[in-house]
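Read-outs throughout are calculated quantities, based only on the coordinates presented, and are distinct from any laboratory measurement. Keep in mind the model is a prediction, meaning the values are calculated, not measured. Cβ: placed from backbone, ideal geometry, glycine included. Neighbour counts: every protein chain shown.
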Amino acid sequence: MSITVRPAVAADYDDVARLTRAAYLHGGHLTEADAYLERLGDAAHRAEHAMLWVAELDGKVAGAVTLTLAGGPYADIARPGELEFRMLAVDPAVQRSGVGRALVRAIIDHARNLDGIDAVSLTTGSDWWRAHRLYESLGFVHVPERDWTVPGTAIRLWVFRLEV
């Protein structure tokens, strides 16, 4: 089993949209009625306004993630000096195969090579326990004073951070 992480290209966008929507629906994080699914599925917009990466498992796109810096259109919680990642998703058919871990490790390695970046930050659902375990196993720490609620909802999001 071989996992390769690389920047997404236009030919990947349909796969990114499909697997991201599927991952959020499969995980019970959203329903088909949620408008946020549209934003998740707009891979071309993500690639144009942030960094969009994919993970290939044996040559097939199996995961995706969006990276951004403070002040970018996709930044939710990044502060100056932080690389934020969002919308991490792994195709439900291959979850628990190491794809998500490979994406996060690649993000950490990338952050360590960026001038002016001293941390990686992310937001995750307060009840997304499997994601919490992954992030904590890679050294991320929950930063409760930065947790927030999605405006107009009762959805509580937790912030995790890793100094690099």
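Each Lys or Arg adds one and each Asp or Glu subtracts one; over the other residues with Cβ under 11 Å from the Cβ of Ile3, this totals +2.
Computed over neighbours whose Cβ is under 14 Å from that of Lys60, the net charge equals -4, Lys and Arg +1, Asp and Glu -1. Need one word for region 101-145: rounded, prolate or oblate. Basis is the Cα gyration tensor (sqrt eigenvalues a ≥ b ≥ c); a/c below 1.5 gives rounded, then a/b vs b/c decides. Here region 101-145 falls in the oblate category. The Rg/Rh ratio for region 71-154 is 0.96, where Rg is the radius of gyration of the alpha carbons and Rh is the Kirkwood radius. Quick one: Debye curve from the alpha-carbon atoms of the chain only, equal weights, vacuum; give me log10 I(q)/I(0) at q = 0.15, 0.16, 0.20 Å⁻¹ to two decimals. The Debye formula, applied to the Cα set alone, gives -0.78, -0.91, -1.52.
Each peptide among 56-62, 141-147, 82-88 gets the average number of other Cβ atoms lying within 10 Å of its residues, and from highest to lowest they stand as 82-88, 56-62, 141-147.
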